[in-house]
Every structure is written in structure tokens, then in C-alpha cells.
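Read the structure below first, then the notes.
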Amino acid sequence: MERFATAYHVLGLEVGATKHEIKKAYRKMAFKYHPDLNSSPSASSKFRNVQKAYEVLTTAQQTYADAKLKQQKAKRSASPTSRDRDRSRISREEAIKAAREKAQRIDRLQIQKEARQFAQFKKSIYYPWTLAMTYVSLAMFVLIIFDAFLITETQNGYVIDKQPNRTEILGKSLITSFDLTFRDGNTISIGRWAGESVSEGTYISFARSLIFHDIPTMHVVGRDFKEFQIKTFTKPPYLFFLIFIGVPLLLFYVDRPSAVFYSAGAFARYGVVVFIVSYIIF
């Protein structure tokens, strides 16, 4: 029992962890101490201890499962002769042992292959670029949340002038936004759909975010004194956008390396740059 407790401790697990938890911890610890990824003098011996702990626990769990299955089969079947029982038991145990050793060998080879690939990735220019864009994504993620929910400034006034902003697309002139000028000389820009609901001579009040200068909602009092509200987000921090910009943050939570890790890394290198530039410009 002390041997099993030590094996659990090496993998950083509580005694009685499931097979899935053992395999997940093994991958995590193996990549942490793999000689290709860790240049520490003690990494090699720690890596061997991790492999040994994994073999001990998986062997113990499989042996327990096999013994339980054997008992269930014995209850259902007729009692064979003593010689047949011994022959059957030896043959079955040899097959189980061979299958278990094969599975462990495949796990070791897979870890070796992934560790070499990850080591090559860490030496390439893509790795620091990925990490840089991941931290940029984190900063942008936090800024969007703060900008949307915590920091605003209130403004109001009478609209004395409204001018459309046009963009030429394939030879056609399209209105993308409107510039509203107030009596005090201040000017704001709002999206096309919101701008079409505001006319000269109306009184509007709104809260503008301090970081991205976004206007989530505009309160309008028309010339006929009717009041209504307009949703005027031009760069909305909706859940979709937060998830989109937060994809690279998966690098902090998934196994290294893994398909999710590489996918999030590829997105960080290219998607984050395009998204952030588009968010700030538009």
C-alpha cells in the first residue's frame, strides 16, 4: 500500500484517483520533466519516477479490474478441472500482461513523440509570438469588460447638426455612421442604424465608455417630446466577442502540447491581431 501511496504522490494525486485522472496527471508531469523540455539536472530522474508511478498505478487498477471480472465469470461458469483452471489462468494472465505492457509502451512512445514536437515548437519563432499574442488577448479581454461595465462618463445636449460618414465599396457610396454635433460644439459618432433614429433639434443623453469611447445606450427626447432609447453599440462587448478574443487564453488551461493548445496558439498568432485592429478601428 505504501508503494501505491508513493505513486499517487509522485503524480500529485489523491489515493483512489480514477484511471482518467491518473492518465491526465501522467501527461502533465511527463511533459513537465521530459528531458527534451526540461534542462534541469534532476529532470531525467523525475521523469523516470513519473513513468514508474504511472505503470504501477495502471497495472494495479487493471489487475483489480481483471480479478473482479474473473470472479464474475467463475460464478457463471461450471467448475472445470484443476489442470484446466491452471492452464486457463496462466494463459489469461499472460495475455493481460502482454496487452498491458503494449499499452504502456504506446503511451511512452506517444509522450516521446509529442515532447519532441513541442520542443521544436518552443525553439521556433512561433512560440514567443504565440505567448505575446496570448497576453495581449488577456489584456484586451480585461479592457473590454472594464470598458463595458465599470467606467463611463455621462453627456447630454441638443443636436444641432447631423452629417453622414460614407464609404466607397465597389463603386457604391454607403453610409456607415453619423456625426452628431451638439449646441456646445462637441461631436460624437454613432452607427448608421442609431443615427437614422436621431434628427436635428432632438435632445439626447448617453454614457460614453472611457477606454473605447463606445455608447451602449442613448436616451432621446424628440421635438414632439416623445422619449425613447436606442441601442447604439458600435463595438459591443457581447459574450460572443469575449469568447472570440478569449480563445488564446486556453493556452493557460489545456495540456501542453495538445490539439487544443496548437489550435489556440494558431488563433493567437493571426486572429487576435486582426480582431483587435478591427475592434479599435471600427
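With respect to (1) within 28 Å of LEU242 (Cα to Cα); (2) exposed (fewer than 12 other Cβ atoms within 10 Å of the Cβ), the lone exception for THR152 is condition (2). Selection of the range 116-155 for residues being in contact (Cβ under 8 Å) with a residue 60 or more places away in the chain and not in a helix (DSSP H, G or I) yields only ILE151. Of all residues in the range 18-35, those satisfying the criterion of being surrounded by fewer than 17 Cβ atoms within 10 Å (Cβ to Cβ) and over 13 Å from ARG256 (Cα atoms) are THR18, LYS19, HIS20, GLU21, LYS23, PRO35.
Of the strands (runs of 3 or more DSSP E) lying entirely inside the range 168-282, those carrying at least 3 residues that are of a type in the set (A, V, I, L, M) are 172-182, 217-221. Residue check: is ILE160 touching a Lys or Arg at 6+ places or on another chain (Cβ under 8 Å), loosely packed, with under 15 Cβ neighbours inside 10 Å, among the hydrophobic types (A, V, I, L, M, F, W, C) and not in a loop (DSSP other than H, G, I, E, B)? Answer is yes for this residue. Does PHE244 count as closer than 20 Å to ILE144 by Cα, at pLDDT below 85 and open to solvent by 40 Å² or more (accessible area, probe 1.4 Å)? So PHE244 fits the description; yes. Scanning for something touching a residue at least 24 places away in the same chain (Cβ under 8 Å), open to solvent by less than 50 Å² (accessible area, probe 1.4 Å) and over 24 Å from PHE275 (Cβ atoms), does the range 166-175 turn up at least one residue? Within the range 166-175 (the criterion being touching a residue at least 24 places away in the same chain (Cβ under 8 Å), open to solvent by less than 50 Å² (accessible area, probe 1.4 Å) and over 24 Å from PHE275 (Cβ atoms)), the answer is no, since none of the residues qualifies. Can GLN104 be described as over 30 Å from ILE211 (Cβ atoms), assigned to a helix (DSSP H, G or I) and open to solvent by 60 Å² or more (accessible area, probe 1.4 Å)? Against the criterion (over 30 Å from ILE211 (Cβ atoms), assigned to a helix (DSSP H, G or I) and open to solvent by 60 Å² or more (accessible area, probe 1.4 Å)), GLN104 does not qualify.
Considering the range 176-190, and only residues there that are under 19 Å from SER205 (Cβ atoms) and β-branched (Val, Ile, Thr), the residue that is most open to solvent (accessible area, probe 1.4 Å) turns out to be THR187.
For the range 41-58, filtered to residues that are open to solvent by 50 Å² or more (accessible area, probe 1.4 Å) and not basic (Lys, Arg), the residue that is nearest to ALA103 (Cα to Cα) is ASN49.
The values are calculated or read from the model by the stated rules, or taken from the named source; none is laboratory data. Remember, predicted model here, so these are calculated numbers, not experimental data. So basically every Cβ, Gly included, is an ideal-geometry build from the backbone, and we count neighbours across all protein chains shown. Side chains included, ligands, DNA and RNA excluded: accessible areas come from the protein's heavy atoms. Shrake-Rupley method; radii C 1.70, N 1.55, O 1.52, S 1.80 Å.
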